[in-house]
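Step one of this worksheet: look at the structure below.
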Amino acid sequence: MRRRGFTLLEVLVAVTILGLAATGALRLAMISQKAIAEVVFQRELLDQARALQILFLGGASVPDESVSGDLSWRIEKVDQSVMNDLTTIQFRKLYVTYKDRSVLFYLP
């Protein structure tokens, strides 16, 4: 007698394997969506910070500390002695915070 078709056990094994493969694919898709969202957020943060950096370096009249929506910034002036106190360099630290994430720039 010849068999025609698949047994119930073969069908269950095939469905289980397909289910595991689909679950893995969905999990990878979710992980990649989270990674893309993180990259987009970091890009927004850096874009905002660079815009402020350009304003400060360009000599625009910008307050040393301010908040604008989700964006806030603070400038700290620093005098640093170098070469065993032979000379002092002056620079500014620009702290930029956007949606609870921060980035620090050093400005001349």
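The values are calculated or read from the model by the stated rules, or taken from the named source; none is laboratory data. Source: prediction; values computed, not measured. Glycine also receives a Cβ, built like all others from the backbone with ideal geometry; neighbour counts cover every protein chain displayed.
Filter the range 92-108 for residues that are modelled with pLDDT under 90 and over 13 Å from GLN48 (Cα atoms); which is surrounded by the most Cβ atoms within 10 Å (Cβ to Cβ)?
Taking the candidates together, the pick is ARG92.
Can you name the residue in the range 65-91 that is of a type outside the set (D, E, K, R) and under 19 Å from the mean Cα position of the chain (by Cα) and, of all such residues, is farthest from ALA51 (Cα to Cα)?
Going through the qualifying residues, I end up with GLY69.
Based on what the data block shows, is LEU9 in a helix (DSSP H, G or I) and loosely packed, with under 10 Cβ neighbours inside 10 Å?
It is true that LEU9 is in a helix (DSSP H, G or I) and loosely packed, with under 10 Cβ neighbours inside 10 Å.
Cβ contacts < 8 Å: first residue surrounded by 10 or more Cβ atoms within 10 Å (Cβ to Cβ), restricted to the range 23-39; second residue at pLDDT 95 or above, any location; separation 6+ or different chain. Result?
The qualifying pairs do not exist here.
Report yes if some residue within the range 47-64 is charged (D, E, K, R) and outside any helix (DSSP H, G or I); otherwise report no.
Within the range 47-64, one or more residues are charged (D, E, K, R) and outside any helix (DSSP H, G or I).
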